[in-house]
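Before any comments, here is the structure.
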Amino acid sequence: MTSTPTTAAPTSAPTTAPAWSFRHHWVAHVAAHATMRPEATALRFTGRTTTWRELADRSFSLAAALRERGVGAGDRVALLTLNHPYFLEAVLAANALGAIAVPLSFRLAPPELDHILGDAGPSAVLVDAPLVPLLAAVPDVAARVPTRVVIGERPEGSDLEEYEDLVAGHEPLEPDDVPEDATALLMYTSGTTGRPKGAMLSHRNMQVQALTCIRAMNMVDESDVGFLTAPFFHIAGLGSIVANLVVGVPTVIHPLGAFDPAAVLDAYEREGATIVFNVPQQWQLICAQPDAAQRDLRLRIISWGAAPASDALLRRMGETFPDALNVAVFGQTETSPITCVLRGEESLRKLGSVGRPVPTVQYRVVDAAMQDVPVGDVGEIVYRGPNVMQGYWNRPEATAAAFDGGWFHSGDLVRQDEEGFVWVVDRAKDMIISGGENVYCAEVENAVAGHPSVVEVAVIGRADDRWGEVPVAVVSLAPGAESLGVEELSDFLRDRLASFKHPKALTLVEALPRNAGGKVAKGVLRTADTEALSAG
């Protein structure tokens with residue numbers, strides 16, 4: 001008798017991999033590193049190491065605590081913090097639930113934070129202990145944000161929950177299956193109206209940013225050590241770290257505070273940093289250190305952006321760090337942010353250029369009618385592609401205007417040469433870049449106009465050796481007002497604007513010059529300011 005083969009019944013039900021593990025965003029990448037290299041270094045901060053396992057476990061424990069408090073997909077989680085690993089844990093925790101992280105600048109004044117919190121409508125806010133008074137100065141914040149968590153020691157008498165209690169009191173959860181096109185971040189950036197707008201950046205946006213960095217920085221193995229000095233509330237911060245999270249290389253987070261070039265060089269040397277980013281004025285300070293060239297450094301990439309770098313500085317960087325590749329990056333918050341890269345071998349040959357557009361973005365240089373301009377002519381550079389934001393939070397009109405004609409309008413007026421290199425010649429948006437921070441003239445003008453001695457005001461940028469540019473106010477005084485000084489104006493603005501936005505000089509005029517259309521002729525003001533500086 002011939003027996004018929006049989007198949008043994010399975011001893012357990014079939015299983016499938018969790019859906020989130022197929023996703024291509026930083027939550028999934030951190031979880032993968034926690035599985036494959038659990039004891040490897042993910043982050044370093046003031047000499048303390050966070051492994052990939054610790055980063056994942058702490059992030060997903062915090063996510064469990066936030067879920068218990070009602071935070072879910074699409075909700076906003078605001079972060080008012082300095083730079084440290086807790087910030088990144090909180091971003092990952094929010095994103096693991098499908099919630100949106102909203103970094104807040106601690107440099108803002110309470111009215112500015114009030115507007116952003118009112119616009120974003122967060123379900124939770126995490127705040128560093130030293131910044132609790134700033135948050136408390138926002139009207140009705142306790143009533144408006146149900147979950148409020150302090151990172152560090154809770155102030156006496158406060159009803160804030162403690163961060164470490166939330167992490168320790170919950171087991172890590174399984175991340176949700178969050179699509180790549182879900183919004184990961186709301187990054188607030190001011191506009192020409194003076195009101196900050198939240199740029200909605202998706203997980204896909206940030207993954208394309210990672211790809212751009214990996215290509216620009218030649219990140220082809222795991223031997224690199226990233227080093228972060230940019231604040232996390234600025235897109236340069238998260239934009240710098242996302243590639244490290246994808247590749248799985250460690251990141252050293254440098255504490256924020258007054259920039260100390262000697263301390264930064266000490267940290268580069270101590271931590272073995274290989275990829276670093278600074279704004280040009282920070283590179284000036286670093287290169288001015290007498291022992292910079294003699295340090296035992298591993299620097300492979302020295303990157304810069306957010307403001308122009310001079311010929312002299314580029315040469316000085318090359319002389320000080322001859323073994324490092326100089327890479328300039330250019331972009332804006334709405335493009336996640338990098339759109340153009342200028343590599344070291346081209347920086348002097350193409351002096352003043354912001355480089356070529358990266359391969360992951362489509363771009364055109366167009367006139368006001370959205371017609372392409374000839375090579376060498378000035379036009380606005382417009383973009384589309386997976387790096388471009390989804391739109392502005394709660395701003396359908398502003399979003400429609402930004403994407404008029406199906407392309408994102410950068411506001412940058414540029415010219416391009418035959419080799420594809422781009423030069424920025426002006427900004428259609430009236431903006432000053434001071435120390436790497438965007439200062440929008442309309443916002444400053446609105447605040448200055450509130451002074452009782454001011455009838456009208458125009459704010460322009462003035463070149464500055466240290467900060468790149470600084471804001472200057474040109475003011476017409478009200479009848480009966482005898483004078484107004486820059487110190488008095490700064491005192492008036494202290495509770496209305498962040499200090500880096502305060503005008504650093506003040507010019508009094510009888511009336512502002514205007515063109516035939518009635519608009520203030522800022523070109524006339526800039527010329528007069530330049531001539532006055534040259535004469536004086």
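The values are calculated or read from the model by the stated rules, or taken from the named source; none is laboratory data. Computed from a predicted model, the values in this text were never measured in an experiment. Heads up, the Cβs are rebuilt from the backbone with ideal geometry, glycines too, and the neighbour counts pull from every protein chain shown.
Would you point out the residue of the range 278-303, among those that are among the hydrophobic types (A, V, I, L, M, F, W, C) and surrounded by fewer than 16 Cβ atoms within 10 Å (Cβ to Cβ), that is farthest from residue 433 (Cα to Cα)?
293
Please work out which one of (1) more than 27 Å from residue 304 (Cα to Cα); (2) in contact (Cβ under 8 Å) with a residue 40 or more places away in the chain; (3) not in a loop (DSSP other than H, G, I, E, B) is the condition residue 201 fails and give its number.
For residue 201, the failing item is (1).
Residues 253, 275: which one is crowded, with 20+ Cβ neighbours inside 10 Å, closer than 16 Å to residue 322 by Cα and within 24 Å of the chain's Cα centre (by Cα)?
Of the residues listed, the single one that is crowded, with 20+ Cβ neighbours inside 10 Å, closer than 16 Å to residue 322 by Cα and within 24 Å of the chain's Cα centre (by Cα) is 275.
Count, please, the residues in the range 501-526 that happen to be free of Cβ contacts under 8 Å to residues at least 12 places away in the same chain and either assigned to a helix (DSSP H, G or I) or of a type in the set (Lys, Arg) (or both).
So the count comes out to 4.
Provide a single number: the residues in the range 79-129 that are closer than 24 Å to residue 204 by Cα and charged (D, E, K, R).
The total comes to 2.
Take residues that are over 23 Å from the mean Cα position of the chain (by Cα) and tell me which of the strands (runs of 3 or more DSSP E) falling wholly in the range 20-104 contain 2 or more.
Strands (runs of 3 or more DSSP E) meeting the threshold: 48-51.
Looking only at helices (runs of 4 or more DSSP H) that lie completely in the range 128-185, which have at least 3 residues being surrounded by 18 or more Cβ atoms within 10 Å (Cβ to Cβ) and in contact with a Gly (Cβ under 8 Å, 6 or more places away or on another chain)?
So the answer is none; nothing clears 3.
For the range 304-330, enumerate the residues that are surrounded by 21 or more Cβ atoms within 10 Å (Cβ to Cβ), closer than 30 Å to residue 188 by Cβ and touching a helix residue (DSSP H, G or I) at 6+ places or on another chain (Cβ under 8 Å).
Listed by number, the residues that qualify are 304, 305, 306, 309, 327, 328, 329.
Being of a type outside the set (Val, Ile, Thr) and in contact with a Gly (Cβ under 8 Å, 6 or more places away or on another chain) is the filter; apply it to the range 396-417 and report the residue that is modelled with the lowest pLDDT.
Restricting to residues being of a type outside the set (Val, Ile, Thr) and in contact with a Gly (Cβ under 8 Å, 6 or more places away or on another chain), the top hit is 413.
Please enumerate the residues belonging to the range 362-383 that are among the β-branched types (Val, Ile, Thr) and over 13 Å from residue 409 (Cβ atoms).
Matches in the range 362-383: 373, 375, 378.
Residue-by-condition table, conditions (1) surrounded by 21 or more Cβ atoms within 10 Å (Cβ to Cβ); (2) among the small types (Gly, Ala, Ser); (3) at pLDDT 90 or above; (4) in contact with a His (Cβ under 9 Å, 6 or more places away or on another chain):
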position: 334; (1), (2), (3), (4): yes, no, yes, no
position: 338; (1), (2), (3), (4): yes, no, yes, no
position: 376; (1), (2), (3), (4): no, yes, yes, no
position: 382; (1), (2), (3), (4): yes, no, yes, yes
